[in-house]
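Below: the structure, in structure tokens.
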Amino acid sequence: MKIPTVGDRYSPAEIGQYYAAGCWRTDTLGQLLARQADERGDKTFVTDGVLSLTYRELHEHSLRLAAGLRARGVIPGDRVAVQLPNWSEFAVIAAAIARLGAVMVPIMPIYRRDEVGYVLDDAGVSVAVTASVFKDFDYLGMYRALQAERPALRSVVVVRDDEAQTSDQVVTLAATTADVDPAAAAAEIGVPVGPDDPFVIVYTSGTTARPKGCVHTFNTYVSGAHALAVAFGYRESDVQFGPSPVTHTTGLVTSILLPMVSGAATHLMADWEPRRGLAEIARYRCSVSVTATTFIQMLLDAYDPDRDDASSLRVWVSAGAPIPRAVVERAQALLPNAKILSLYGRSENLATTTCTVDDDPERALTSDGAALPYASVKVVDELGAEVPAGSEGDIAYRGPTHMLGYLGRPDETDELFTPDGYSRSGDLGVMDAAGYVRVTGRTKDIVIRGGMNISVREVEDLLAAHPGVRNAAVVGMPDERLGERVCCYLVAADPASPPTLDGIRAYLQDKGIARQKTPERLEVVAELPTTATGKIQKHLLRQDIAGKIGERTGVA
């Protein structure tokens, strides 16, 4: 499979422009980490409540692991999947993979057999790194089963379980880490790739039937971190609070790269629970966080001023879904030291727009920010032409953080772009005269549950095979805390004995999809509303469920 290159996406003029501006640089991740280890080696970089690593320890551990992975046959260009909770070891593993010139393929912990197997196949993964068991789920067992069906998956590396049953194909992280001098390992490995070679393949959350792999270089990723450091007024003294999965765009950029480029620190939280989150913010004096809107909503609900000390927080950025005005106003009242900002982004180009610490606080109430330096954002019509200020259209991006392309999907990559080279998001928005954008909706058929994009087609395709289902349509239903939850309208094969909600959820989970993607409400109907050509009128279903939710809550 041909992997896209920087020359496939960026012209020589654009490449020269981004280097001249300093948003693209000559450092690889390994070189950045080596420099930080030299300048502030004894400073703690990452904690998670179990494992703490200084910059020097992170650098040396990553070199030893890189040497061990190299001994197991990992070479430049190999794809290495990483499915881990927010553990400190993730930083070591990411740095080791990058040092070898291999390409990391992060997979969120909530994904199960079906989703994981698809990513392994689509990316051509040869090595996977995972937990043994986490939150009562047997990841190692899942990977043993996946490996049995995939000879190309040569090795599975298990983290935080030195007692795991191993074999030639399954090894522990400790056993993989070579007992060598870090400097000797660095000299032997060298610098096999540059900052414009593929660095990561991060999969979209699934806005179509199957997620697509976004191929990024280190420069397209780290330039986003540098730009956000300016937008957030980032300081060396900052401590990032990271409950967002580091195995996806938001967590990887803001909980790993952002503090690293700034010489700051990061605290990862593997199992989000708002009261414990507040305790960890106080303990580690966390100052900045970037999360989906649902995280701050839950944190505010749990906050007790007589118990909790959140005085260290100075910036909280809400991403993944528009932040309601009421949430911003409540956060400003309960967390007076913190500036509440809004950010809109996508895996294809990281942050599209964001509010900054220098913006009027009102901007977070009325917009999702403006484009970052050296990037440009337009709102365009179906033909790619810019629409007038105040008009709704497709939000489109051009700039230094855009991916090289979708892995193995050159035609779908090309379809993103307008005639003048802007990448269409499929999300609807309105831009004001000052360039600030408010996301208003989306053209894609998805449900956004707590910042997670859920492909309704993926769920519908699985339901189509259910013997008790004649027809089904999945839509988002309003939810105060998560923004949306999944609702399924279903026509039963046997109206006298329709499937139950519990039965539908169990069926889908047995098919290997994440619990969060399964319906949380079931509406059994005689027929689905359709157009004359047979297309299901989902807008009517959304109106119907929104009305029922409103009647239940007293909100019309």
Index of the failed condition, Gln297 passing every other in (1) without any contact (Cβ under 8 Å) to a residue 40 or more places away in the chain; (2) of a type in the set (S, T, N, Q); (3) touching a helix residue (DSSP H, G or I) at 6+ places or on another chain (Cβ under 7 Å): (1)
Residue in the stretch 280-299 that is within 22 Å of the chain's Cα centre (by Cα), surrounded by fewer than 23 Cβ atoms within 10 Å (Cβ to Cβ), at pLDDT below 95 and part of a loop (DSSP other than H, G, I, E, B) present: no
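Per-residue answers, yes or no, for (1) modelled with pLDDT under 95; (2) among the hydrophobic types (A, V, I, L, M, F, W, C); (3) assigned to a loop (DSSP other than H, G, I, E, B):
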{"position": "Ala13", "(1), (2), (3)": "no, yes, no"}
{"position": "Asp27", "(1), (2), (3)": "no, no, yes"}
{"position": "Leu32", "(1), (2), (3)": "no, yes, no"}
{"position": "Gln36", "(1), (2), (3)": "no, no, no"}
{"position": "Glu39", "(1), (2), (3)": "no, no, no"}
{"position": "Arg56", "(1), (2), (3)": "no, no, no"}
Test: residue in the stretch 179-197 that is within 26 Å of Ala370 (Cα to Cα) and among the aliphatic types (A, V, I, L, M): no
Members of the stretch 341-372 found to be at pLDDT 95 or above, part of a loop (DSSP other than H, G, I, E, B) and within 22 Å of Tyr234 (Cα to Cα), listed by number: Asn349, Cys355, Thr356, Val357, Asp358, Asp359, Gly369, Ala371, Leu372
Answer residue from the stretch 177-233, given it is part of a loop (DSSP other than H, G, I, E, B) and of a type in the set (Ser, Thr, Tyr) and is farthest from the chain's Cα centre (by Cα) among those: Thr177
One residue from Thr177, Thr217, Thr166, Thr204 being in contact (Cβ under 8 Å) with a residue 12 or more places away in the chain, hydroxyl-bearing (Ser, Thr, Tyr) and over 30 Å from Leu341 (Cα atoms): Thr177
Residues satisfying the stated conditions in the stretch 463-480, i.e. aliphatic (A, V, I, L, M) and either in contact (Cβ under 8 Å) with a residue 60 or more places away in the chain or surrounded by fewer than 19 Cβ atoms within 10 Å (Cβ to Cβ) (or both): Ala464, Ala465, Ala473, Val475, Met477
Residue match in the stretch 409-416 (condition: part of a strand (DSSP E or B), within 30 Å of Ala20 (Cα to Cα) and either modelled with pLDDT under 95 or out of contact with any Leu (no Cβ under 8 Å at 6 or more places or on another chain) (or both)): no
Residue within the stretch 436-455 that is more than 30 Å from Val524 (Cα to Cα), among the aliphatic types (A, V, I, L, M) and touching a residue at least 12 places away in the same chain (Cβ under 8 Å) present: yes
Every residue from the stretch 426-462 that is assigned to a helix (DSSP H, G or I) and surrounded by fewer than 20 Cβ atoms within 10 Å (Cβ to Cβ): Arg457, Glu460, Asp461
Which listed residue is in contact (Cβ under 8 Å) with a residue 12 or more places away in the chain, crowded, with 24+ Cβ neighbours inside 10 Å and under 20 Å from Asp368 (Cβ atoms), from Gly224, Gly242, Gly233: Gly224
Filter result (of a type in the set (A, V, I, L, M, F, W, C), more than 20 Å from the chain's Cα centre (by Cα) and farther than 11 Å from Leu300 by Cα) within the stretch 316-334: Ala326
Every residue from the stretch 141-176 that is surrounded by 17 or more Cβ atoms within 10 Å (Cβ to Cβ) and more than 22 Å from Val92 (Cβ to Cβ): Met142, Leu146, Gln147
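The values are calculated or read from the model by the stated rules, or taken from the named source; none is laboratory data. Predicted model only: the values in this text are computed from it and were never measured. Neighbour counts run over all protein chains shown; Cβ positions are idealised from the backbone, glycine included.
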